1. What's the magnitude of the charge dipole for the stretch 39-236 around its Cα centre, counting Lys and Arg as +1 and Asp and Glu as -1 at the beta-carbon? Answer in Debye, nearest 20.
2. Residues with beta-carbon under 11 Å from that of PHE245, excluding PHE245: net charge, scoring Lys, Arg +1 and Asp, Glu -1?
3. May I have the pair-distance distribution P(r) for the stretch 39-236, computed from all Cα-Cα distances with 5 Å bins from 0 and rounded to whole percent?
4. Find how much the distance from PHE169 to LEU236 grows on full extension, using 0.36 nm per residue of separation minus their present alpha carbon separation; answer in nm with one decimal.
5. Suppose we keep just the alpha-carbon trace of the stretch 61-168; what are its Rg and Dmax in angstrom?
6. Scan the stretch 114-216 for chymotrypsin sites (Phe, Trp or Tyr not before Pro) in coil per DSSP, keeping those whose Cβ has at most 16 other Cβ atoms within 10 Å, and list them by number.
Amino acid sequence: MKGQRFLVIAGGMGAATLLPGRAAALDIAIDTGGRGAGPLELAALLTLISLAPALLIMMTSFTRIVIVLALLRQALGLQQTPPNMVITGVALFLTMLVMGPTWRQIRADAVDPYLAGQLPPAAALNRAEQPLRDFMLRQTRTDDLTMARGLLARGHFEGADGDPRALPFFALVPAFISSELTAAFRVGFMIYLPFLVIDLVTSSVLMALGMFMLPPSMVSIPLKLLIFTLASGWPLLLGSLGASFS
């Protein structure tokens with residue numbers, strides 16, 4: 001109201017009172033009734049939120065799944081079907097299914113104790129790192145670990161030799177990504193091969209029939225879609241991708 005000045009006083013349960021005054025101003029005093037987050041914790045939380053997409057791509061099964069699905073679309077000869085949004089969504093939810101046990105362990109070992117005030121931030125971060133490290137090490141090839149150790153040795157970092165579990169986390173991530181890219185391309189090659197055979201057979205038949213003006217893709221794409229559907233390609237592919245991380 002014009003000509004009135006109100007003082008808002010918030011209690012521990014969120015109650016508020018309005019006290020009339022003389023000025024047209026609003027003073028707000030909030031009492032949270034508990035321990036608020038410190039500046040460093042807020043900065044760390046905001047940084048984590050901004051880096052969440054990169055962390056999802058670099059430290060989970062998302063990379064392998066989305067690359068395989070994209071290669072499948074190219075092998076079928078389809079440019080925008082399924083659209084990128086569908087491929088990303090399928091990869092995201094399949095990643096949640098694959099990473100579920102790891103995330104549950106991180107929550108039980110680090111998140112819940114930290115929220116209960118039983119662990120400081122540094123200890124909670126160390127506990128959260130261990131389940132993720134175990135998952136990444138299971139999926140990382142020996143050649144990629146050797147590559148990471150070589151890079152550490154060039155930079156004179158500790159952990160270049162010895163147990164892979166002692167490898168620094170910033171060196172384990174490139175090794176894990178290299179393994180994931182290799183695995184995705186191997187699966188993509190196995191997907192491409194039968195569809196490539198269909199393209200070659202279709203082109204040979206059309207040339208033998210003298211149909212030079214008919215694009216081979218006009219015939220091969222329906223054939224590939226028919227064969228892929230009859231073979232239950234989607235559940236077979238998604239199930240095999242999910243099982244490849246076990």
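1. Here the stretch 39-236 has a charge dipole of around 360 debye.
2. Summing Lys/Arg as +1 and Asp/Glu as -1 gives +1.
3. Distribution as computed: 1, 7, 11, 14, 14, 13, 11, 9, 7, 5, 4, 3, 2, 1, 0, 0 percent.
4. Contour length minus the Cα-Cα distance gives 20.8 nm.
5. According to the Cα coordinates of the stretch 61-168, Rg and Dmax are 18.5, 55 Å.
6. Within the stretch 114-216, the qualifying chymotrypsin sites (Phe, Trp or Tyr not before Pro) (loop, at most 16 other Cβ atoms within 10 Å) are PHE157, PHE212.
No lab work stands behind these numbers, since they all come straight from the coordinates. What you see is a predicted model; the values in this text were computed from it and never measured. Methodologically, a virtual Cβ is constructed for each residue, glycine included, from the backbone with ideal geometry; neighbour enumeration extends over all protein chains shown.
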